[in-house]
Amino acid sequence: MITPAELARLLEIPEPTDEQARVIEAPMAPMAVIAGAGSGKSETMAARVVWLVANGFVRPERVLGLTFTRKAASELGARVRKRLDRLREVLPADELERLGGDALFDGEPMVSTYHSYAARLFGDHALREALEPTMRLISPAVAWQICSRVVDAYDGPMDRVDWQPDTVTKAVMDLAGDLAEHLRTAEDVRKVGRWLDERFAALEKPLKAQRDILDKHAVREQLMPLVEAYGRAKAEREVIDHGDQMALAARIAHRHPEVGMIERSRFSVVLLDEYQDTSQAQLVLLKSLFGGGHPVTAVGDPCQSIYGWRGASAGNLLRFAHDFPLRPGGPGARPVPAPVVQLSRSFRNGERILEAAARVQDELRAETKAVPRLVPGAGREGRGRVECALFETVEEEADRIAARIAGLMAGDPETAPDGGPQAEPLRYSDIAVLARKRSQFPLIRRALEARGVPVEVVGLGGLLTVPEVQDVVATLRVMHDPTAGAS
């Protein structure tokens with residue numbers, strides 16, 4: 001057996017910490033990893049794949065890795081491929097032959113986004129639900145056009161909805177997406193309405209807040225015919241949106257156990273990244289396919305859950321041990337929960353930064369005791385600097401930021417901003433300014449340029465604050481609508 005530390009030395013990369021090594025060499029069984037910010041979870045996931053291959057547990061093409069963005073999927077896939085290629089070069093000939101020779105390294109792990117994987121599953125098995133595999137996935141813009149036509153043509157009661165048509169369209173699309181992500185139907189919403197009415201009728205002195213709940217739900221119920229009509233409009237055109245795709249894939253996996261058998265026979269090991277951001281539909285999909293003791297490693301941090309607005313639940317990670325038990329319960333036997341391990345050493349920040357973050361997180365941490373308090377990685381002890389300032393005007397704030405950056409660049413090239421040693425002189429590209437709102441960009445940009453600091457405004461929203469771009473946009477608006485007075 002090649003240990004994680006020996007493997008790191010072979011690949012000429014830093015050796016893993018004890019916590020990382022425990023994850024890398026864990027048995028082929030379900031496991032949850034609570035990984036704090038900057039604790040090297042992507043590195044650990046890549047190292048686990050390479051370790052499993054290097055010790056002959058799995059072939060690369062039998063590994064499935066799922067994450068949320070194409071960028072993250074691409075980076076993880078590239079990192080694993082680079083390590084495997086390097087391993088093929090450095091392994092002794094007899095060891096390579098024992099593992100199966102060069103052919104072992106020819107395969108590629110399948111690393112994709114959760115939605116791309118759901119799309120592939122839907123395409124392969126749609127016929128099991130009497131659906132066309134060729135149903136086209138539409139963009140948000142096309143979905144808006146279809147929904148907008150449904151709203152414009154609707155002649156049902158709308159006495160509780162006093163919004164503009166565009167607002168109604170957005171509300172209908174949001175409701176349809178929420179129902180799909182939670183695997184619910186319009187009838188489920190109506191059942192909740194009837195239950196609320198019964199509970200409200202039993203109250204002796206209803207409060208205003210309770211009436212508000214009923215009023216808001218009444219609006220939802222009045223939008224339900226539109227949600228159903230939007231669903232029929234998509235079905236008539238044989239198209240689906242992202243929410244439909246995930247919900248249909250979950251339905252297929254849940255109703256047809258043979259689909260899970262096929263996927264488990266194809267993938268010996270499954271890695272789930274950012275698991276705290278999975279929705280109910282994604283949970284049902286993954287549990288139906290890979291529950292029951294299949295080697296699934298889920299990595300995430302409940303404190304970093306950012307997709308609650310579209311049905312994600314950080315509780316999925318905290319419940320993983322019971323959703324994916326080591327052994328499912330049977331007659332006379334209770335299920336055995338999967339182990340939960342932690343990565344608590346942060347390589348991204350110095351000790352003082354982590355201390356400040358921990359104090360800010362106190363209330364959040366009280367609700368998620370499973371999340372470890374982060375400790376600094378090697379060389380980060382005593383490092384970090386936190387400054388706080390409150391200004392009377394936004395102009396004064398922008399000027400202070402510009403002055404601070406100019407001062408940093410004029411400082412000692414061998415000393416880092418936090419007072420520690422610095423291997424290379426500070427560059428402008430090492431410095432980032434994060435703003436709360438886009439409206440703050442132009443002011444900060446002008447203050448920096450006034451001091452001769454080169455600036456790159458990241459993202460399309462930031463680009464729209466550049467005067468030359470604003471002129472182009474205004475010109476296009478006037479060409480489209482000559483009555484656009486401001487433009």
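Here are a few things to note about the model shown:
- Index of the failed condition, S116 passing every other in (1) under 30 Å from F290 (Cβ atoms); (2) touching a Pro at 6+ places or on another chain (Cβ under 8 Å); (3) at pLDDT 90 or above: (2)
- Qualifying residue in segment 284-295 (condition: within 16 Å of the chain's Cα centre (by Cα) and closer than 19 Å to L183 by Cβ): yes
- Qualifying residue in segment 388-396 (condition: of a type in the set (F, W, Y) and under 23 Å from the mean Cα position of the chain (by Cα)): no
- Residue within segment 221-241 that is open to solvent by 20 Å² or more (accessible area, probe 1.4 Å) and touching a Ser or Thr at 6+ places or on another chain (Cβ under 8 Å) present: yes
- Positions within segment 334-378 being out of contact with any helix residue (DSSP H, G or I) (no Cβ under 9 Å at 6 or more places or on another chain), open to solvent by 50 Å² or more (accessible area, probe 1.4 Å) and either hydroxyl-bearing (S, T, Y) or part of a strand (DSSP E or B) (or both), in sequence order: none
- Residue list for segment 400-430, restricted to those being in a loop (DSSP other than H, G, I, E, B) and either touching a strand residue (DSSP E or B) at 6+ places or on another chain (Cβ under 8 Å) or open to solvent by less than 50 Å² (accessible area, probe 1.4 Å) (or both): G411, E414, A416, D418, G420, Q422, L426
- Segment 431-444 - residue that is open to solvent by less than 40 Å² (accessible area, probe 1.4 Å) and assigned to a helix (DSSP H, G or I) and, of those, farthest from R400 (Cα to Cα): P442
- Matching option when the condition is farther than 30 Å from E15 by Cα and either part of a loop (DSSP other than H, G, I, E, B) or at pLDDT 95 or above (or both), among E396, E381: E396
- Against the test of being modelled with pLDDT of 90 or more, part of a helix (DSSP H, G or I), closer than 21 Å to V341 by Cβ and acidic (D, E), the options E19, E75, E61 yield a single qualifying residue, E19.
- Scanning segment 73-116 for residues that are surrounded by fewer than 21 Cβ atoms within 10 Å (Cβ to Cβ), touching a strand residue (DSSP E or B) at 6+ places or on another chain (Cβ under 8 Å) and not hydroxyl-bearing (S, T, Y) yields G77, M110.
- Of residues in segment 445-487 being within 29 Å of L408 (Cβ to Cβ) and among the basic types (K, R), the one least open to solvent (accessible area, probe 1.4 Å): R445
The values are calculated or read from the model by the stated rules, or taken from the named source; none is laboratory data. Note that this is a predicted model, so its numbers are computed, not measured. With ideal geometry, Cβ positions are generated from the backbone for all residues, glycine too; neighbour counts draw on all protein chains shown. Note: areas computed on protein heavy atoms with side chains; ligands, DNA, RNA excluded. Shrake-Rupley method; radii C 1.70, N 1.55, O 1.52, S 1.80 Å.
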